[in-house]
Amino acid sequence: MKVLVCGGAGYIGSACSEYLLDHSYEVTVFDSLITGHRKAVDSRAEFIKGDLADRDLIIKVCENGRFDAIMHFAAFSLVGESMRDPSKYFRNNLANGINLADAAVAGRVKTIVFSSTAATFGEPEESPIRETTAQNPINPYGESKLAFEKVLKWYSIIHGVKYAALRYFNAAGASANFGEDHNPETHLIPLILQVAQGKRDKIVIFGDDYVTPDGTCIRDYIHILDLAQAHMLALDAPESGHYNLGTGNGLSVREIVETARRVTGHAIPAEIGSRRSGDPDRLIAGSELARRILGWKPQFENAYDIVSSAWEWIRKNPDGYNDK
Ligand code: UFG
């Protein structure tokens with residue numbers, strides 16, 4: 001089976017490409033390298049440098065490629081940036097996504113697996129968050145991802161392209177070869193590990209007055225290899241669907257800091273700062289549907305293993321891909 005991985009040079013796309021190749025799929029990575037890294041493209045994959053804004057190019061790639069499926073990771077994903085520059089998010093995540101959906105139709109690609117997000121739920125009205133929970137995004141990032149879920153729904157009805165929208169909670173960890181290297185880095189676990197590396201003095205915890213047992217925000221951290229497994233299984237889903245992907249175990253910011261101290265043996269000084277706007281108290285996935293329909297079985301259910309894998313990758317790659 002031949003899969004086009006758009007955004008395959010990014011954090012989650014690179015690990016998914018590797019996972020597919022390990023399971024005997026043929027992979028072509030299509031990536032603009034704006035946020036991705038050439039070194040994050042598995043050497044067994046074919047690589048095409050291109051931007052989904054280039055409608056003619058992506059249509060040509062799909063018409064010539066005879067792909068069985070597309071995985072779509074290529075998007076911008078910073079909540080704060082989306083509040084300052086909504087145009088950037090709607091152009092790339094929605095308009096350029098439509099170029100890809102049209103290319104799928106032109107190339108007769110049967111299936112699209114789409115990287116959606118827990119951010120489509122906004123301030124969720126229930127916990128754990130189920131697929132049926134109301135989606136009310138509170139930032140342009142989440143709105144752009146929700147809008148593209150709807151595009152896919154109509155393309156499946158009208159053009160018969162099957163899709164799976166996978167709503168990741170907090171992607172974390174690393175595979176043996178590929179890890180997290182964002183510039184700027186805004187995510188909790190890599191920032192904490194930069195303290196352990198000596199690159200930062202401390203981690204600032206964004207608020208300790210949330211309605212949670214220790215006052216810090218609770219998130220559902222899911223290993224990227226478990227996300228990769230879900231993507232592969234979604235290729236064979238019987239019909240189109242939406243799936244929330246998390247372990248179902250919430251961990252507070254303090255618990256993650258504590259875990260990183262145990263993993264690294266570093267004291268990791270932490271200081272309480274003010275809240276970051278738009279952070280809900282608690283985001284926990286209800287992933288029964290993925291387990292039942294896709295047969296998904298996450299392998300990394302505890303924080304120690306997730307943080308350890310990220311730490312191992314950083315120790316092997318202290319400056320990340322070192323290419324920006
Ligand atoms: N946090 C800190 N200090 C930091 C960085 C983060 O306390 O220096 C806290 C945040 O306030 C939050 C938690 O750590 O409570 C996790 O923050 P991240 O930035 O790592 O992740 P988010 O939960 O904000 O975002 C992730 C994805 C988004 C997605 C969102 C949806 O990165 O793309 O989940 O749930 F939109």
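Rounded to the nearest 500 deg cm²/dmol, what is the calculated helix-only ellipticity per residue at 222 nm for the chain, with -39500 (n - 2.57) per DSSP H run of length n ≥ 4?
Helix contribution divided over all residues of the chain: -10500 deg cm²/dmol.
Have a look at segment 4-90 and give its Rg and Dmax from the Cα atoms, expressed in angstrom.
13.3, 42
Placing +1 on the Cβ of each Lys and Arg and -1 on the Cβ of each Asp and Glu in the chain, which of Leu57, Ser82, Gly97 has its Cα farthest towards the positive end of the resulting dipole?
Leu57
Return one whole number: the accessible area per residue of the chain in Å², for a 1.4 Å probe.
On a per-residue basis, the chain sits at 43 Å².
What FRET efficiency comes out for the pair Glu239/Glu126, r = Cβ-Cβ distance, R0 = 25 Å, nearest 0.05?
It comes out at approximately 0.50.
Using only Cα atoms, find the angle between the long axis of helix 11-22 and the longest principal axis of the chain, and express it within 0 to 90 degrees, rounded to the nearest 10.
Once rounded, one gets 60 degrees.
When a/c is below 1.5 the answer is rounded, else prolate if a/b is larger than b/c, else oblate, so apply that to segment 195-324 with a ≥ b ≥ c taken from the square roots of the Cα gyration tensor eigenvalues.
It is oblate, given that a/c is not under 1.5 and a/b is not larger than b/c.
Pull out a ≥ b ≥ c, the square roots of the eigenvalues of the alpha-carbon gyration tensor of segment 173-257, then state rounded if a/c is under 1.5, prolate if not and a/b is larger than b/c, and oblate in the remaining case.
Oblate shape, in that a/c is at least 1.5 and b/c is the bigger or equal ratio.
Where q = 0.06, 0.16 Å⁻¹, what log10 of I(q)/I(0) comes from the Debye formula for the chain, counting one point per Cα?
Rounded to two decimals, the profile gives -0.19, -1.46.
Per-residue counts of other Cβ atoms within 10 Å, averaged by peptide: what ranking do you get for 250-256, 77-83, 111-117, highest first?
The densest-packed peptide leads the list: 111-117, 250-256, 77-83.
What FRET efficiency comes out for the pair Arg200/Ile157, r = Cβ-Cβ distance, R0 = 41 Å, nearest 0.05?
The calculated FRET efficiency here is 0.25.
Could you tell me the convex hull volume per residue, in Å³, taken over the Cα atoms of segment 60-144?
98
Please go through segment 1-108 and write out the trypsin sites (Lys or Arg not before Pro) that DSSP classes as loop and that have at most 16 other C-beta atoms within 10 Å.
Sites meeting the loop and neighbour criteria: Arg44, Arg66, Arg108.
With the full set of protein chains in place, find how many percent of the accessible area of the chain is carbon and sulfur; take the probe as 1.4 Å.
Whole-percent figure for carbon plus sulfur exposure: 48.
Just how many % of Cα pairs in segment 105-211 lie over 23 Å apart, if you round to the nearest whole percent?
48
In degrees, nearest 10, range 0 to 90: what is the angle between the Cα axis of helix 140-159 and the longest Cα principal axis of the chain?
So the inclination is approximately 30 degrees.
How long are the semi-axes of the equivalent ellipsoid of segment 135-194, taking √(5λ) for every eigenvalue λ of the Cα gyration tensor, in whole Å from largest down?
31, 16, 9
Using the Kirkwood radius over C-alpha pairs as Rh, can you work out the diffusion coefficient of segment 102-160 via Stokes-Einstein at 37 °C, viscosity 0.692 mPa s, in µm² per second?
Here the translational diffusion coefficient equals 259 µm²/s.
Is the C-alpha gyration tensor of segment 1-159 telling us rounded, prolate or oblate? Criteria: a/c under 1.5 is rounded; beyond that, a/b larger than b/c is prolate, otherwise oblate.
Prolate.
Placing unit charges on C-beta atoms (Lys and Arg positive, Asp and Glu negative, everything else neutral), compute the dipole magnitude of the chain about its Cα centre in debye, rounded to 20.
I would put it at about 480 debye.
Expressed as an acute angle from 0 to 90° and rounded to the nearest 10, what is the orientation of the C-alpha long axis of helix 253-264 relative to the principal long axis of the chain?
Result, in degrees: 90.
The values are calculated or read from the model by the stated rules, or taken from the named source; none is laboratory data. Remember, predicted model here, so these are calculated numbers, not experimental data. Ideal geometry is used to build each Cβ from the backbone, glycine not excepted, and the neighbour counts take in all protein chains shown. Heavy atoms of the whole protein, side chains included, go into the accessibility calculation; ligands, DNA and RNA do not. Shrake-Rupley method; radii C 1.70, N 1.55, O 1.52, S 1.80 Å.
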